[in-house]
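Q: Right, I'll just put the structure down here and ask away after.
Here, each number is a calculation from the coordinates, and none is a lab measurement. Since we're looking at a predicted model, the values are computed, not measured. Here the Cβ is made from the backbone with ideal geometry for all residues, glycine too, and neighbour counts use every protein chain on show.
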Amino acid sequence: MTHKLEILLGTVVLIWVGCSSIAQAQGKYGPGVSDVEIKIGQTMPYSGPVSALSVFGKSEAAYFRMINERGGINGRRITFISLDDNYSPAKTMEQTRRLVEQDNVLAIMGSLGTATNAAIQKYLNSNHVPHLFIQTVASRWNDPGHFPWTMSLIYPARSEAALAARYIMQANPYAHIAVLYQNDDFGRDYVAGLVEGLGPQAGSRIVAKASYEVTDPTVDSQVVMLRSSGADTIFIAATPRSTAQALRKVFEVGWHPTRFVSQASSSVTDVLAAVGLEKSKGIMTTTSFKTVGDPQWENDPDYLAWLDFMRAYYPGGDTNDKFAFLGYSNAALFAEVLRRCGDDLTRENLLAVATHLAGVHLPALLPGITLSTSPTDYIPIKQIRLQRFDGHRWVLLPDLDEK
């Protein structure tokens, strides 16, 4: 009887220890995670005024399909839920609440838009939901003190515009600059960056400014007004559709200023082709990324891997669309962060890994540019280059200090 009791007690101990180990392992799982699955979500403008940018989401979805075919991440398949928000902040909030409260995603990854992400920032931070690598250039995202769960990916608009201002002052110290900007944080950050970059001369160099609302059907009247200022340079801080409209109108009214566009609106397929490639010759922008279709990347392993991916997993996509390459690269980054989490797939550890990146290589980044973060630095990409369109492709310019 004593012997039997010892065996039974031993069995109980073994069962208790086993259950404790399982509980401990399960304790490392946040919402949306199991032994076989990781749920992540995003909102994307599949409809509405900036639907051309939805290629980001389509490419990311295709990337995770590829990952799942290859065994997932650390043995877990990725369930990627990407919902249409129509580029409407109210819709973004509605869809994000669904992702968090009904779909129980681990994190929000790569959602697009300044006003749309601003609408959900407080909600996600108050609920301790990672809001990572979002597609927006506003400077407000580098604020870990107040919003530790939110991190952008793209080089900030203010710094981008400041670099353009430095170039303008070097190329034409007496330039007269007109600015067309979207009337939200996205556009206003570009204006602030120009002012910062121009320094004390900003008041005399910027001769006219005109804003527009993202819902405006055209920006024709703004362009006509800006032309009347006599400016010889125009900086267009707008989303792709409005940028294409502005560039067409500039040409139609016979205005020939030096033209700068934001990096978000420099797509050859979605913007410049709509304007006319020959008419777009000379337009300038900035980038941290390789340009699709550029012969210099034809033997680049990362670029070739992306082309193979497009043929196999996103055959309906356009290999001349830079957003398809950037979406692929962004998804690769998030996949790498998930891999580094190992089996500790809590929201807290996901944030810890995302805020301790050093020298991370992404497929689409230009050689020499890597990604780094820290708990006090939420600007992952810290380098950018100027480039000019030659009528066929974007051509990188020397660094300003090299000229």
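Q: Quote the charge dipole size of the range 69-172 about the Cα centre in Debye, to the nearest 20; the model charges only the Cβ of Lys and Arg (+1) and of Asp and Glu (-1).
A: In debye, rounded to 20, the range 69-172 gives about 180.
Q: Taking 0.36 nm per residue of separation and subtracting the Cα-Cα distance, what length does fully extending residue 273 through residue 98 add?
A: Working: separation 175, 0.36 × 175 = 63.00 nm, distance 3.72 nm.
Difference between extended and current length: 59.3 nm.
Q: Nearest 20 debye, what's the magnitude of the dipole of the range 245-359 about its Cα centre given +1 on Lys and Arg Cβ and -1 on Asp and Glu Cβ?
A: With Lys and Arg at +1 and Asp and Glu at -1, about 500 debye.
Q: Give the order of 40, 234 when sorted by the count of other beta carbons within 10 angstrom, beginning with the fewest.
A: Placing the least packed residue first, the sequence is 234, 40.
Q: Report, in order of residue number, the helices in the chain meeting two criteria: a C-alpha extent of 15 Å or more along the helix axis, and a mean Kyte-Doolittle hydropathy of at least 0.0; treat each whole DSSP H run as one helix.
A: Membrane-span-like by this criterion, though nothing is claimed about a membrane: 2-26, 157-171, 185-198, 322-341.
Q: Under a point spin-label approximation (7 Å from Cα along Cα-to-Cβ), what is the residue 28-residue 213 distance to one decimal in nm?
A: 5.2
Q: Using a basic spin-label model with each label point 7 Å from the Cα along Cα→Cβ, how many nm lie between residue 171 and residue 251?
A: 1.8
Q: Only residues of the range 132-164 count here: report those whose backbone N is under 13 Å from the spot 7 Å along Cα→Cβ of residue 192, or say none.
A: The answer is 137-143, 156-162.
Q: Turning to a different aspect of this structure: Per residue and in cubic angstrom, what volume does the convex hull of the Cα atoms of the range 236-331 have?
A: It comes to 106 Å³ per residue, whole-number rounded.
Q: For the pair residue 224 and residue 70, what calculated FRET efficiency results from E = 1/(1 + (r/R0)^6), where r is the Cβ-Cβ distance and R0 = 45 Å, to the nearest 0.05?
A: 0.25
Q: How big is the Cα convex hull of the range 183-259 in projection, averaged over all directions, in nm²?
A: Quarter of the Cα hull surface area: 4.9 nm².
Q: If one puts a single equal scatterer on every Cα of the chain and applies the Debye formula without solvent, what log₁₀ I(q)/I(0) results at q = 0.08, 0.09, 0.12, 0.13 Å⁻¹?
A: Log10 I(q)/I(0), no solvent term: -0.45, -0.56, -0.94, -1.09.
Q: Distance between the C-alpha centers of the range 174-217 and the range 326-403? Whole Å please.
A: Using only Cα atoms to place each centre, the spacing works out to 27 Å.
Q: Further question: About its Cα centre, how strong a charge dipole does the chain have in debye, to the nearest 20, once Lys and Arg get +1 and Asp and Glu get -1 at the Cβ? Numbers along the way, then the final one.
A: Values: 36 positive and 39 negative charges, 56 e Å.
Roughly 260 debye for the chain.
Q: May I ask you to sort 339, 385 by Cβ crowding, counting other Cβ atoms within 10 Å and putting the fewest first?
A: Ranked by crowding around the Cβ, least crowded first: 339, 385.
Q: Viscosity 0.890 mPa s, temperature 25 °C: Stokes-Einstein D of the range 157-287 from its Kirkwood Cα radius, in µm² per second?
A: Approximately 172 µm²/s, per Stokes-Einstein.
Q: In nanometres, what is the gap between the two model label sites at residue 46 and residue 397, each 7 Å from Cα along Cα-to-Cβ?
A: A separation of 4.0 nm, rounded to one decimal place.
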